[in-house]
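Trainee: Pasting in a structure now, in structure tokens, and then I'll have a few things to ask.
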């Protein structure tokens with residue numbers, strides 16, 4: 001069998017992807033021409049190698065900081081420069097990846113209604129500021145691929161019948177049966193607009209300011225490929241495919257996770273890994289767990305998937321003291337194969353999604369979370385559920401406030417509960433991601449939420465940097481205490497090979513009030529038993545119950561306590577976590 005040279009092999013792969021995506025949509029001649037066009041746009045020639053498959057591009061030293069470009073504000077300075085100062089002064093290399101949320105000109109949704117993919121929002125800084133961050137950290141950026149702003153040049157051209165853009169947007173006939181379409185919002189799906197060719201109805205999955213792009217048109221695919229090339233040139237290493245699950249639409253279906261959508265992810269994977277072998281794709285799919293995991297494909301789609309079920313399950317666990325649902329989910333999660341990993345988080349710029357908890361928490365458990373969040377000063381966003389029905393879609397609250405007490409009432413265990421949540425997340429299989437407002441123990445910003453009319457803004461505070469520095473200098477402040485402890489946890493974590501994102505994980509059964517799991521390094525030399533008291537009462541643990549090997553020396557990586565007697569009984573304070581290991585990596 002003849003072995004193809006790398007360029008010929010790439011062309012074959014691209015044609016295979018395109019045949020699946022455009023089956024019945026494009027003719028053979030247009031498909032054939034699209035292959036060299038993609039190669040030219042991404043500047044892939046000459047192709048001298050074939051990317052290595054099933055290779056881990058991460059290890060235990062990797063952790064992600066998620067932040068807006070303007071989460072920190074200093075008078076007289078562009079916010080991206082202030083962010084650089086914060087990273088240099090307070091973060092260093094404790095967090096290896098920095099995800100700067102959409103930094104482009106936008107019209108709404110705090111950046112996710114992109115007006116111009118090729119520019120940096122002048123209010124934040126410029127491309128040099130973005131590149132400066134990329135020189136010190138691995139840079140993660142959003143590819144807002146499903147839609148763009150109604151105020152973008154593309155959409156203005158659509159309304160005027162000009163190019164580029166006259167045929168870039170998805171339209172539908174309101175007479176079609178669109179009742180099966182899955183929506184994350186309750187607003188009308190279609191927006192009526194006037195164009196030179198008459199009245200049209202554009203598709204708006206999220207809002208009428210966010211118009212869905214039509215990837216049935218190969219010109220849209222090429223335009224987005226050029227955006228990818230630009231971001232690579234500016235130092236982006238990690239691509240977050242925003243709202244990717246909604247990309248392809250077919251009337252009469254739910255328009256979610258369609259085969260063409262998965263094939264587009266595979267195509268982008270092929271293009272990006274040929275352009276930069278160490279680049280990573282992460283899919284953002286806020287959908288039930290099984291659907292989310294499907295974006296790993298056969299190791300040929302996303303390198304990482306957001307572990308969307310973790311935030312609601314961990315919140316439920318720590319607010320009820322019942323780890324049954326979280327334990328059951330952990331037991332049922334397939335291990336990520338080499339070349340793939342889970343992207344673990346418990347807070348982000350969005351709310352805590354509840355769709356990923358469907359089938360994992362029952363209606364009463366979800367209602368308890370809703371009631372608790374409302375009592376703690378948070379809000380709840382809703383989604384359409386057919387007809388006039390609606391269901392809770394996400395919880396809008398700062399994680400710091402959500403974990404201050406059971407039932408939404410502070411109980412004095414908030415700090416310990418907050419650290420426990422992160423100690424569990426940091427130890428789980430996968431790469432941990434830390435939202436800046438969790439790192440800074442930021443409380444609810446109800447004023448910002450009320451001023452913007454956006455429930456998500458409650459967890460999108462903008463710190464006055466001078467005030468933040470004062471708080472970080474005060475060792476008794478919530479901000480100083482949390483930053484110190486979370487960075488300490490990460491510094492310990494990064495040394496442990498058992499915390500490699502792909503290291504073995506087994507769930508332990510330790511009885512009510514305790515959550516436990518075991519990690520083992522790829523070379524099997526290090527074991528770490530992760531034991532957390534998930535209740536507000538002391539809990540007792542007999543070391544014999546976790547079967548420590550008696551010939552090894554065991555101690556807690558967090559406190560330094562030695563466990564010379566494998567039969568000893570330990571007492572865990574409320575929300576205390578132990579990382580019991582046979583060695584410090």
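We did not get these values from a lab; they are worked out from the coordinates using the rules stated. Keep in mind the model is a prediction, meaning the values are calculated, not measured. Glycine also receives a Cβ, built like all others from the backbone with ideal geometry; neighbour counts cover every protein chain displayed.
Trainee: Which residues does the label zone of residue 153 cover in the range 73-106, counting backbone N under 19 Å from a point 7 Å along Cα→Cβ?
Mentor: 103-106
Trainee: On each of the three principal axes of the Cα atoms of the range 158-224, give max minus min coordinate, whole Å, ordered largest first.
Mentor: 31, 26, 21
Trainee: To test your reading of the geometry: what angle, between 0 and 90 degrees and rounded to tens, separates the Cα axis of helix 363-375 from the longest principal axis of the chain?
Mentor: Helix 363-375 and the main axis of the chain meet at about 80 degrees.
Trainee: Normalising by the residue count of the chain, find the relative contact order in percent from Cα pairs under 8 Å and 6+ residues apart.
Mentor: 12
Trainee: Just report the Cα centroid separation between the range 43-95 and the range 553-570, whole Å.
Mentor: Using only Cα atoms, the two centres lie 37 Å from each other.
Trainee: A further question follows. On a 0 to 90 degree scale, rounded to 10, what angle separates helix 127-136 from the longest Cα axis of the chain?
Mentor: Relative to the chain, helix 127-136 is tipped by roughly 40 degrees.
Trainee: May I ask for the distance between the Cα centers of the range 221-286 and the range 327-405, given as a whole number of Å?
Mentor: 25
Trainee: Which residues does the label zone of residue 567 cover in the range 541-556, counting backbone N under 19 Å from a point 7 Å along Cα→Cβ?
Mentor: 541-554
Trainee: Expressed as a rounded percentage, what relative contact order does the range 279-400 have, with Cα pairs under 8 Å and six or more residues apart?
Mentor: Taking the mean separation of contacting Cα pairs over the length of the range 279-400, I get 23 percent.
Trainee: Just check the range 380-527 against the gyration tensor rule for me: Cα atoms, a ≥ b ≥ c as the square roots of the eigenvalues, rounded for a/c under 1.5, and otherwise prolate or oblate depending on whether a/b exceeds b/c. Don't jump to the answer; show the numbers that get you there.
Mentor: On the way: a/c = 2.03, a/b = 1.30, b/c = 1.56.
Oblate, because a/c is 1.5 or more while a/b does not exceed b/c.
Trainee: Follow-up question, since we're still on this one. What order do you get for 268, 415 when you list them from fewest to most C-beta neighbours inside 10 Å? All intermediate terms of the calculation are to be shown ahead of the outcome.
Mentor: Values: 268 23, 415 17.
In increasing order of surrounding Cβ atoms, one gets 415, 268.
Trainee: Gain in length, residue 409 to residue 16, computed as 0.36 nm per residue apart minus the alpha-carbon separation, to one decimal in nm? Display every interim value, and only then the final one.
Mentor: Working: separation 393, 0.36 × 393 = 141.48 nm, distance 5.65 nm.
The residue 409-residue 16 span can extend by a further 135.8 nm.
Trainee: Further, regarding this structure: Using all alpha carbons of the range 261-341, what is the percent of pairwise distances in each 5 Å bin, ordered from the shortest bin to the longest?
Mentor: 3, 14, 22, 20, 15, 11, 7, 5, 2, 0
Trainee: Set the Förster distance to 25 Å, then compute FRET efficiency between residue 47 and residue 338 from the Cβ-Cβ distance, nearest 0.05.
Mentor: The value I calculate is 0.55.
Trainee: Moving on to the next point. I need the shape label for the range 504-581. Rule: rounded when a/c is under 1.5, else prolate if a/b > b/c, else oblate, with a, b, c from the alpha carbon gyration tensor.
Mentor: prolate
Trainee: Follow-up. Assuming 0.692 mPa s and 37 °C, estimate D for the range 1-155 with Stokes-Einstein, Rh taken as the Kirkwood radius over Cα pairs, in µm²/s.
Mentor: This corresponds to a translational diffusion coefficient of 174 µm²/s.
Trainee: While we're looking at this one, here's another question. I need the shape label for the range 143-258. Rule: rounded when a/c is under 1.5, else prolate if a/b > b/c, else oblate, with a, b, c from the alpha carbon gyration tensor.
Mentor: Oblate, because a/c is 1.5 or more while a/b does not exceed b/c.
Trainee: Sort the following peptides by mean Cβ neighbour count (other Cβ atoms within 10 Å, averaged over residues), highest first: 435-442, 225-232.
Mentor: In descending order of packing, they fall as 435-442, 225-232.
Trainee: OK, next. If R₀ is 51 angstrom, what is the calculated FRET efficiency for the pair residue 8 and residue 90, using the beta carbon separation as r and rounding to 0.05? Write down the numbers at each step before the final one.
Mentor: Numbers: r = 50 Å, r/R0 = 0.98.
Efficiency at R0 = 51 Å is approximately 0.55.
Trainee: Right, next: With angles folded into 0 to 90 degrees, how steeply does helix 28-41 sit against the dominant principal axis of the chain? Use alpha carbons for both and round to 10.
Mentor: It is inclined by approximately 60 degrees.
Trainee: For residue 540 and residue 371, FRET efficiency with R0 = 22 Å and r from the beta-carbon atoms, rounded to 0.05?
Mentor: Numbers: r = 31 Å, r/R0 = 1.42.
After rounding, the FRET efficiency stands at 0.10.
Trainee: If you average the alpha carbon positions of the range 479-535 and of the range 115-174, how far apart do those two centres end up, in angstrom?
Mentor: 39
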